[in-house]
Amino acid sequence: MNKGDRIYVAGHRGLVGSAIVRRLETDGFDHLVLRTRSELDLRRQDQVDRFFEQERPDYVFLAAAKVGGIYANNAYPADFIRDNLLIQTHVIDAAHRAGVEKLLFLGSSCIYPKQAPQPMTEECLLTGPLEATNRPYALAKIAGLEMVRSYRRQFGFRGIAVMPTNLYGPHDNFDPETSHVLPALLRKIHEARAAGAAEVEVWGTGQPRREFLHVDDLADACVFLMQRYEGELALNVGVGDDVTIRELAELIAGVVGFEGKLRFDASKPDGTPRKLLDVSRLHALGWRARISLEKGVADTYEWFRRRAT
Ligand code: GDP
């Protein structure tokens, strides 16, 4: 990637896309091609084709996707499978036909089997049943990985894919119903503190373990891999370490300064018991996450507070 290259970041308003844009701008890439959802509906093939013909980007970061937490995945399964299949199919195919130099597709760690041995290596893909709560989303993402690989094999298209673990950071979705656990708890605990509440409800038993990667670390990895990685295998991107939901809730309570009680509601689903990525391959390529969970949560809380007030 050269400074003069035209780089299309699909999904630049989202958590991942906005972090990639910040990272590219910091590095002096100033020919970014960006479109909001109302300017370009990626679910419409005619619009996507026209966009690629007109703009002819050299590089594409495909970070546009319909995403959400356990509740949203359960409530809107048709939206999750349809929108993601449409978006990725249109963008990958149009990029190939328009002669794009290289494309990076964002997968997700939820595509691995529910009972995959931990930490999960890249090889465990398609070795067992998926977690039911987000299977439509996971299957769409798996189709995207296979599509990138197939275009590489059949057309020599330089598509690569990365598999990020659970992400967090600025521009995340903080809606208490549809968001992922980290932003949901930041908001709930912030509001409980503001209201002087005695307790906060945390879904599930608190026992599931999750790994959390700051999105600025992911953006750094994406730019690194766009420049250095040419493999067929979708690479895991994570920190290599996880915490229980209880530990996460306690850490957030500490950052927010909430001194009340955490009440675990076991009637809410726990989801996958553990989701830790094996990041040996990424480490071997010379990349490591740098932002600690404490610092990352504190920074995200600062961003949330500035935005909320
Ligand atoms: P997952 O990683 O795909 O399972 O999705 P989530 O980030 O939504 O949930 C992760 C875990 O956090 C699950 O065990 C949830 O039950 C638990 N959790 C606890 N409190 C909350 C909350 O307020 N919102 C969400 N989304 N999850 C929560």
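What FRET efficiency, computed as 1/(1 + (r/R0)^6) with R0 = 41 Å and r the Cβ-Cβ distance, is obtained for residue 193 and residue 115, rounded to the nearest 0.05? Efficiency at R0 = 41 Å is approximately 0.60. Computed extension gain for residue 22 through residue 283, at 0.36 nm per residue and net of the alpha carbon distance, reaches 91.6 nm.
Taking square-rooted eigenvalues a ≥ b ≥ c of the alpha carbon gyration tensor, is the range 123-272 rounded, prolate or oblate, where a/c under 1.5 means rounded and, failing that, a/b exceeding b/c means prolate? Mind dumping the intermediate values first?
Values: a/c = 2.89, a/b = 2.02, b/c = 1.43.
It is prolate, given that a/c is not under 1.5 and a/b is the larger ratio.
Largest first and in whole Å, the equivalent-ellipsoid semi-axes of the range 49-117 read 28, 15, 9, each the square root of five times a Cα gyration tensor eigenvalue.
Note on residue 3: aspartates and glutamates with a C-alpha under 18 Å away, same-chain residues under 8 apart excluded, are 25, 27, 30, 55, 58, 101, 220.
Under the convention that each Lys and Arg Cβ holds +1 and each Asp and Glu Cβ holds -1, the size of the dipole of the range 225-284 around its Cα centre is about 140 debye. Here each label is just a point 7 Å from Cα along the line to Cβ, and for residue 298 and residue 261 those points are 3.0 nm apart. With a ≥ b ≥ c taken as the square roots of the eigenvalues of the C-alpha gyration tensor of the range 30-152, please select rounded if a/c is under 1.5 and otherwise prolate if a/b is larger than b/c or oblate if it is not? The shape class here is prolate.
Stokes-Einstein diffusion for the chain at 10 °C, viscosity 1.306 mPa s, with a Kirkwood radius from C-alpha pairs, works out to 80 µm²/s.
Could you tell me whether the range 108-178 comes out rounded, prolate or oblate from its Cα gyration tensor? Rule is a ≥ b ≥ c as square roots of the eigenvalues, rounded for a/c under 1.5, then prolate if a/b exceeds b/c, otherwise oblate. Because a/c hits 1.5 or more and a/b fails to exceed b/c, the range 108-178 counts as oblate. Angle of helix 45-55 to the longest C-alpha principal axis of the chain, folded into 0 to 90 degrees and rounded to 10: 70°.
Which net charge results for the neighbourhood of residue 24, defined as the other residues with beta-carbon distances under 13 angstrom from its beta-carbon, given Lys and Arg at +1 and Asp and Glu at -1? Walk me through the intermediate numbers first.
On the way: positive: 3, 6, 22, 23; negative: 5, 25, 27, 30, 58, 216, 220.
Once positives and negatives cancel, what remains is -3.
Rounding to the nearest 10 and keeping the result within 0 to 90°, find how far the Cα-based axis of helix 181-195 lies from the longest principal axis of the chain. It is inclined by approximately 40 degrees.
If packing is taken as the mean number of other Cβ atoms within 10 Å per residue, what is the order of 91-100, 64-73, highest first? Please list the in-between numbers first.
Details: 91-100: 19.6, 64-73: 22.8.
Descending packing order for the listed peptides: 64-73, 91-100.
When only Cα pairs below 8 angstrom with a gap of at least 6 residues are kept, the chain shows a relative contact order of 19 percent.
A Förster radius of 41 Å combined with the Cβ-Cβ distance from residue 79 to residue 2 puts the calculated FRET efficiency at roughly 0.60.
Over 28 Å between Cα atoms: which of 66/275; 261/295; 102/141; 141/188 fall into that group? Mind showing how you got there, number by number?
Details: 66/275 20 Å; 261/295 23 Å; 102/141 19 Å; 141/188 30 Å.
From the list (66/275; 261/295; 102/141; 141/188), the Cα-Cα distance tops 28 Å for 141/188.
Each value in this text was obtained by applying a stated rule to the coordinates, not by laboratory testing. On a predicted model such as this, the values are computed, not experimentally measured, just so you know. Neighbour counts run over all protein chains shown; Cβ positions are idealised from the backbone, glycine included.
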